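Notes follow the structure.
The values are calculated or read from the model by the stated rules, or taken from the named source; none is laboratory data. If you're wondering where the values come from, they're calculated on a predicted model, not measured in any experiment. Note that we place each Cβ from the backbone using ideal geometry, even for glycine, and neighbour counts take in every protein chain shown.
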Amino acid sequence: MSEHRKISASELKQYKKRSLLSEVWRNYKKNPSAMIALFIVIAIVVIAIVSQFAFDYKADIVQQNVREKFIHPCAEHPFGTDNYGRDVLVRVLYGARYSLSVGVVAVAISCILGVTLGLIAGYYGGFIEDFILRFCEIFTGIPSILMGVALISAFGQSIIVLMMAIGLVYTPMYCRTTRAAVMPVRDEEYIEAARIAGVSDLKIMFSHVMPNALSPIIVQVTMGVASAILTASSLSFLGLGVPIPLPEWGAMLSEGREFMRDHMYLTIFPGLAIMITVLSFNLMGDGLRDALDPKLKE
């Protein structure tokens with residue numbers, strides 16, 4: 001007769017974690033558009049990483065060649081060349097690292113600030129919750145582009161300032177999402193048991209409350225990257241985002257708009273890059289939402 005090995009609590013917890021992840025992945029795979037979006041996002045991330053090593057910044061991105069300016073898309077230059085003779089395809093591929101990094105870092109900033117504030121507001125309630133919510137409402141009442149313009153005008157134009165500006169703009173969104181996810185959890189019996197056992201509020205918030213409120217935050221983060229990329233492109237289009245000559249997609253749109261009548265490809269390809277990236281992240285967010293909570297799909 002075979003002996004049965006006793007499963008430890010840590011092994012059981014790890015098994016449940018694997019089971020949850022496999023269930024989410026199984027639900028996610030049922031959404032074809034979300035799977036296509038996932039592959040596109042992975043491709044964009046790979047392009048952003050590889051472009052750093054595949055192209056030389058000075059020779060391929062910045063260096064001008066006036067004799068080859070305004071060459072329309074052809075075999076040698078599939079996306080054509082711009083008014084300085086620079087290859088548009090190379091600049092679009094290299095620009096993925098700027099647009100993607102701005103979106104990811106900005107969302108990381110807003111997520112850290114917003115989730116922390118939302119966790120505190122949702123857990124404690126009362127005066128603290130009201131104070132944090134009023135603070136968020138002040139920021140929410142100002143349009144994101146206007147807030148970004150104000151912050152960049154105050155602190156100067158650079159990639160770091162752009163990331164911080166967008167991160168602050170989207171902080172209230174993560175705060176409200178986290179608060180709404182925390183409120184149903186804070187009154188559960190196991191939370192009360194932890195309080196009675198003398199567990200500190202900080203440990204309860206991050207060890208017990210936060211893991212059970214992650215689903216909507218994960219979805220919000222995925223869609224937030226798309227919104228951050230779009231906002232960064234809008235600010236760059238206005239001349240307040242990534243400084244020229246860095247090939248950020250919004251900045252490329254801004255540079256090419258004065259040549260739209262005769263050389264429309266200068267705006268078409270950066271615009272398509274923005275559209276495909278933003279759409280892919282949004283579809284990924286929809287797929288994650290349905291996978292984490294299939295009832296929402298009904």
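Keeping to the stretch 59-76, report how many residues are in contact with a helix residue (DSSP H, G or I) (Cβ under 7 Å, 6 or more places away or on another chain) and not β-branched (Val, Ile, Thr).
Summing the residues that are in contact with a helix residue (DSSP H, G or I) (Cβ under 7 Å, 6 or more places away or on another chain) and not β-branched (Val, Ile, Thr) in the stretch 59-76 gives 3.
Given the options Leu113, Leu117, name the one that is surrounded by fewer than 18 Cβ atoms within 10 Å (Cβ to Cβ), aliphatic (A, V, I, L, M), assigned to a helix (DSSP H, G or I) and in contact with a Cys (Cβ under 9 Å, 6 or more places away or on another chain).
Sole residue among the options that is surrounded by fewer than 18 Cβ atoms within 10 Å (Cβ to Cβ), aliphatic (A, V, I, L, M), assigned to a helix (DSSP H, G or I) and in contact with a Cys (Cβ under 9 Å, 6 or more places away or on another chain): Leu113.
Between a first residue in the stretch 270-292 that is without any contact (Cβ under 8 Å) to a residue 40 or more places away in the chain and a second residue that is crowded, with 22+ Cβ neighbours inside 10 Å, which pairs have beta carbons less than 7 Å apart while being 6 or more apart in sequence or on different chains?
What qualifies is Gly271/Leu253.
Here are some residues: Tyr98, Tyr84. Which one is more than 22 Å from Ile217 (Cα to Cα), surrounded by 14 or more Cβ atoms within 10 Å (Cβ to Cβ), within 23 Å of the chain's Cα centre (by Cα) and among the hydroxyl-bearing types (Ser, Thr, Tyr)?
Working: Tyr84 fails: within 23 Å of the chain's Cα centre (by Cα).
One residue alone meets the criteria, Tyr98.
Within the bounds of the stretch 110-119, is there any residue that is touching an Asp or Glu at 6+ places or on another chain (Cβ under 8 Å) and in contact (Cβ under 8 Å) with a residue 12 or more places away in the chain?
Taking every residue of the stretch 110-119 in turn, none turns out to be touching an Asp or Glu at 6+ places or on another chain (Cβ under 8 Å) and in contact (Cβ under 8 Å) with a residue 12 or more places away in the chain.
Check off (1) assigned to a helix (DSSP H, G or I); (2) in contact (Cβ under 8 Å) with a residue 24 or more places away in the chain; (3) buried (at least 21 other Cβ atoms within 10 Å of the Cβ); (4) touching a helix residue (DSSP H, G or I) at 6+ places or on another chain (Cβ under 7 Å) for Ser227 and give me the number that stays unchecked.
Condition (4) is where Ser227 drops out.
Looking at the stretch 229-263, which of its residues are farther than 22 Å from Val46 by Cα and either at pLDDT 90 or above or among the polar types (S, T, N, Q) (or both)?
Passing the criteria: Thr231, Ser234, Ser236, Ser254.
Looking only at the stretch 126-177, which residues are outside any helix (DSSP H, G or I), more than 16 Å from Ala228 (Cβ to Cβ) and touching a residue at least 24 places away in the same chain (Cβ under 8 Å)?
Scanning the stretch 126-177 gives Gln157, Ser158.
All but one of (1) buried (at least 23 other Cβ atoms within 10 Å of the Cβ); (2) in contact with a Phe, Trp or Tyr (Cβ under 7 Å, 6 or more places away or on another chain); (3) within 25 Å of Gly122 (Cα to Cα); (4) hydroxyl-bearing (Ser, Thr, Tyr) hold for Ser233, so report the exception by its number.
Failed condition: (3).
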